[in-house]
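Nothing in this text is a laboratory measurement; each read-out follows from the coordinates by a stated rule. This structure is a prediction, so every number in the text was calculated from the model and none was measured. As a convention, Cβ positions derive from the backbone with ideal geometry for all residues, glycine included, and neighbour counts pool all protein chains shown.
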Amino acid sequence: MRGDSLIEKFKSIFARRGHSIILAYDHGIEHGPTDFFDNPDSASPEYILKIAREAGFDGVVFQRGIAEKYYDGSVPLILKLNGKTSLYNGAPISVPNCTVEEAVSLGASAVGFTIYAGSDYEWRQIEYLAKIKRDAVRFDVPLVIWSYPRGGKVDTKYGGDEQHPDVVAYAARIALELGADAMKIKYTGDPKSFAWAVKVAGKVPVLMSGGPKTKTDEEFLKQVEGVISAGALGVAVGRNVWQRKNAVEFGKLLAKIVYEGKGVKEVLAAP
């Protein structure tokens, strides 16, 4: 079936070793340049590509403007087709700023799209996504859905906790139902509840969203260890790598957990 073939295509490109680490860098439009303060080198997309190459990651995520000006083909590209700024205070909505055809012309091996289920504009985002899915199938390009329920009952029932296990599991199912070939969802905080999200994602590979930089290396590495033990394909991480001054070295620690199956204690104890 075509859907299965696109899932397998995603795995063949972005999970050649059985698991996957994607270096996400779509933050400039989402958060502005403040994310680069911790490590000023991270303001340079060339630096991001250097991290991905030297740490041996499976791919990068760029918005179209970064891809147009900096992408060099050295690692596979997921081109993010939509994005919103942090300057807007209304109900969350992220509209397309690039087409699948344009993404392919820029060298993308997959495309990404965020949907905020629960937003007042949920219906419109689903309409956008339906068109992108049709184009992705037409161009034979895997579609990665960033599934982040936000607003609506996430606020009223779960107190705005986007990492609540029920919310994350629902996010996974939404991505499956809407045609994802891979998905990026938040971590629930423990392997057992995250394993349920992975299960309800069905055949669709799950990548954990890295989120804000943790206070310690160990804290994030434990999250990654939990994600892999829960059956996820891997992680799509940005700030937890490139905000650290030792980004390449930290990336290599991640690789030992994700690709080699080592535990956090073993990785941190190694000379």
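Points worth noting:
- Considering only Lys215, Lys184, Lys80, the mean-square fluctuation computed in a Gaussian network model of the chain, springs between alpha carbons under 10 angstrom, is largest for Lys215.
- Each listed q (0.16 Å⁻¹) maps to a log10 I(q)/I(0) for the stretch 31-173, found by the Debye formula over equal Cα scatterers with no solvent: -0.97.
- If you run the Gaussian network model on the chain, springs between alpha carbon atoms under 10 Å, then out of Ile185, Ile78, Ile13 the most flexible one is Ile13.
- Over the stretch 148-201, Cα pairs under 8 Å with separation of 6+ residues give a relative contact order of 38 percent.
- Among Lys265, Lys256, the order by Cβ neighbours within 10 angstrom, fewest to most, reads Lys265, Lys256.
- Each part reduced to its alpha carbon centroid, the stretch 3-80 and the stretch 142-181 end up 22 Å apart.
- Amide N proximity, the stretch 172-205 versus Thr214 label position 7 Å along Cα-to-Cβ, cut-off under 14 Å: 187-191
- Positive-end extreme of charge dipole, the chain - chosen from Tyr121, Ile13, Ser105 (charges on Cβ): Ile13
- For the chain: relative contact order, % (alpha-carbon pairs under 8 angstrom, 6 or more apart): 19
- Among Phe10, Phe62, the order by Cβ neighbours within 10 angstrom, fewest to most, reads Phe10, Phe62.
- Nitroxide proxy distance, nm - points 7 Å out along Cα→Cβ at Asp161 and Thr85: 3.4
- Pairs exceeding a 24 Å alpha-carbon distance, out of Lys50/Lys131; Lys69/Lys215; Lys11/Lys252: Lys50/Lys131; Lys69/Lys215.
- Rounded to the nearest 20 debye, the dipole magnitude of the chain is 400 debye, with +1 charges on Lys and Arg beta carbons, -1 on Asp and Glu beta carbons, and the Cα centre as origin.
- Normalising the average separation of contacting C-alpha pairs (under 8 angstrom, six or more residues apart) by the number of residues puts the relative contact order of the stretch 142-271 at 20 percent.
- Charge dipole (debye, nearest 20) of the stretch 88-157; +1 at Cβ of Lys and Arg, -1 at Cβ of Asp and Glu: 220
- Gaussian network model of the chain, Cα within-10 Å springs - most flexible of Leu143, Leu221, Leu79: Leu221
- Remark: Val206, Val61 ranked as Val61, Val206, counting other beta-carbon atoms within 10 Å and listing the fewest first.
- Distance cut-off 13 Å, percentage of C-alpha pairs in the stretch 100-147 lying past it: 55
- Given charges at beta-carbon only (K, R positive; D, E negative), |dipole| of the stretch 1-137 in Debye: 440
- Of the residues Gly211, Met183, Gly251, the one whose Cα sits farthest toward the positive end of the charge dipole of the stretch 2-269, with +1 on the Cβ of Lys and Arg and -1 on the Cβ of Asp and Glu, is Met183.
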